[in-house]
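Okay, so here's the structure we're looking at.
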Amino acid sequence: GKLGRYPPWPGKIVNPPKDLKKPRGKKCFFVKFFGTEDHAWIKVEQLKPYHPHKEEMIKINKGKRFQQAVDAVEEFLRKTKGKDQACSHNSSEEKNRRNSSEERGKQSAGEEKRKASLSEGKVKKGTGEGKKRVSSVSSERGSKSPLKRAQDQSPRKRGRPPKDEKDLTIPESSTVKRVMTGTVAGFKWPPSVNEPVKDSDPHFHHFLLSQTEKPAVCYQAITKKLKVCEEETGSTSIQAADSTAVNGSITPTDKKIGFLGLGLMGSGIVSNLLKMGHTVTVWNRTAEKCDLFIQEGARLGRTPAEVVSTCDITFACVSDPKAAKDLVLGPSGVLQGIRPGKCYVDMSTVDADTVTELAQVIVSRGGRFLEAPVSGNQQLSNDGMLVILAAGDRGLYEDCSSCFQAMGKTSFFLGEVGNAAKMMLIVNMVQGSFMATIAEGLTLAQVTGQSQQTLLDILNQGQLASIFLDQKCQNILQGNFKPDFYLKYIQKDLRLAIALGDSVNHPTPMAAAANEVYKRAKALDQSDNDMSAVYRAYIH
């Protein structure tokens, strides 16, 4: 991939969570970043003292969020200085308290906090776009990331270190001061281009959800270990793998990978699996679509059964519930190739009943099953920036780690089979309804004599601003409805989401209204255009 640079970012060294394992290799610190809720391990050589480099960095970074981060540093320093003066005569007593495990979580706020910062190093994929840390703020307008929202709900008080710090290897304040050249705050600089490549993608993050009876939710950041942790309280735990400080790439699994379905999404996924060094055997209903991937190094499978029988893990990504069932249960289908130990991962967006049925028949033959529908579009698939929602066999989820890193920027493990299907339908229901609303607004602007471009400009300056909004509006204004996400598939997802609501007697009037507009667009022969072609349903 191309080498990209992110600006240095101010932060402070904090105590890592008790379940956090320190990365092997060079000495590093666990850092929390000002202005965000991001955490990461940072190597010592990538730290710079804050004060000597402050002005230089402010000149380089003009962004509002960066300035807010610097302001947060200054405010923190002011508070720390005032409390240091008030507590200086108690320094020896405080040292004794630090040595007490019972009082370890109650250290004086006057102790000088240890600080550092992070900038992302190597940027993956041919487009040069970096996989964003899932815990970073998702836009300049400050929308919260999943991790930040999670931490807002956490029962643990923010800033308070975990009680158990046996694995903590970060030195105390005096040592940190020496590392920081006599200062406590710092910027983290991008790693050297020649730095050794590690064995995992630093931009990819896993979220794991273990489902329990209690509704309380506790989120916790960890590094690369993919495991679900049941807290003492019995609350649900989500753990994010965040190792963005490591400049690395993906080490492909040595397992043989199969892939069934080379549509808009599947094509990009397979391309990225091959680019990252995976051994892939492909099959598609229309065989000519396989030719390009054979040229890129893929092997050709004659039937789904053959692919499954010759591969360790077989992925599938097809259009709808009927296609998903036919692929598994039909002639020379997946089920005929399943034997004990074979793994099947269905990435199709289908309903929970369908995926549960498929899981049952696969497992009944001794196979392992994971559902893993993806949120994204053709462009995100090509860029390896999909969001993967997985559920089912958690061991299989972990075995798919390098594959998910190749095809996506984030994965979520959501527990038992069916959960990912439900979540995916809800996500696409929201997206489809929003797209219909955008089209409705643009056409209403036109018929009332308002500039559609001005409407877009206004929306882009407000809280609704997003890449999705801008791209879809631009496509509509340019009359470009080349499919990035087929209109017929978003209508299918709306239909399935409405049925999901029916199954639990939950009203979905917004989705129902949007569904009618998409059905109108389909009647106008827009099925094979992009979802933004729903605009044409509003043209009189």
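The values are calculated or read from the model by the stated rules, or taken from the named source; none is laboratory data. All values reported here derive from a predicted model rather than from experimental measurement. Cβ sites come from the backbone with ideal geometry, for glycine too, and all protein chains shown count toward neighbours. Heavy atoms of the whole protein, side chains included, go into the accessibility calculation; ligands, DNA and RNA do not. Shrake-Rupley method; radii C 1.70, N 1.55, O 1.52, S 1.80 Å.
Solvent-accessible area per residue for region 241-416 at a 1.4 Å probe radius, Å²? List each step's numbers first, then the result.
Working: 6150 Å² over 176 residues.
I get 35 Å² per residue for region 241-416.
Compute the projected area of the convex hull of the Cα atoms of region 241-416, averaged over all viewing directions, and report it in nm² to one decimal place. Intermediate results must be reported in sequence, preceding the final value.
Numbers: hull surface 36.9 nm².
Answer in nm², one decimal: 9.2.
Share of region 257-332's accessible area from carbon and sulfur, percent, 1.4 Å? Before the final figure, lay out the partial values.
Values: 1640 of 3130 Å².
That share works out to 52 percent.
Mind listing the phi-derived Karplus ³J(HN,Hα) values for region 401-409, rounded to whole Hz, using 6.51, -1.76 and 1.60 with θ = phi - 60°, and x for any glycine or proline?
In residue order, the calculated couplings are 3, 5, 5, 5, 5, 5, 9, x, 9 Hz.
Can you give me the relative contact order of region 241-416 as a percent, contacts being Cα pairs under 8 Å and 6 or more apart? Let's see the in-between values first.
Working: 366 pairs, mean separation 37.5, N = 176.
That works out to 21 percent.
Carbon and sulfur atoms: what percent of the 1.4 Å accessible area of region 424-537 do they account for?
Details: 3170 of 5750 Å².
That share works out to 55 percent.
Evaluate the Debye formula for region 424-537 with equal point scatterers sitting on the alpha carbons, no solvent, and hand back log10 of I(q)/I(0) at q = 0.10 Å⁻¹, in q order, two decimals.
Debye curve over Cα of region 424-537, log10 I(q)/I(0) at q = 0.10 Å⁻¹: -0.28.
Using modelled backbone amide H atoms (1.01 Å from N, in-plane), which distant-in-sequence or interchain residues come within less than 5 Å of residue 11's amide H?
34, 116, 117, 186
May I ask which of 289/409; 27/79; 54/81 have a Cα-Cα span longer than 23 Å here? Spell out each step's value before the answer.
On the way: 289/409 26 Å; 27/79 29 Å; 54/81 18 Å.
Distance filter (> 23 Å) returns 289/409; 27/79.
Which order do the peptides 284-290, 510-516 come out in when sorted by mean C-beta neighbours inside 10 angstrom, highest first? Walk me through the numbers before you get to the answer.
Numbers: 284-290: 14.1, 510-516: 19.0.
With the highest mean Cβ count within 10 Å placed first, the list reads 510-516, 284-290.
On a full-extension model of 0.36 nm per residue, what is the gain between residue 539 and residue 27, subtracting their alpha-carbon distance, rounded to one decimal in nm?
Working: separation 512, 0.36 × 512 = 184.32 nm, distance 6.25 nm.
Working it through step by step, the gained length comes to 178.1 nm.
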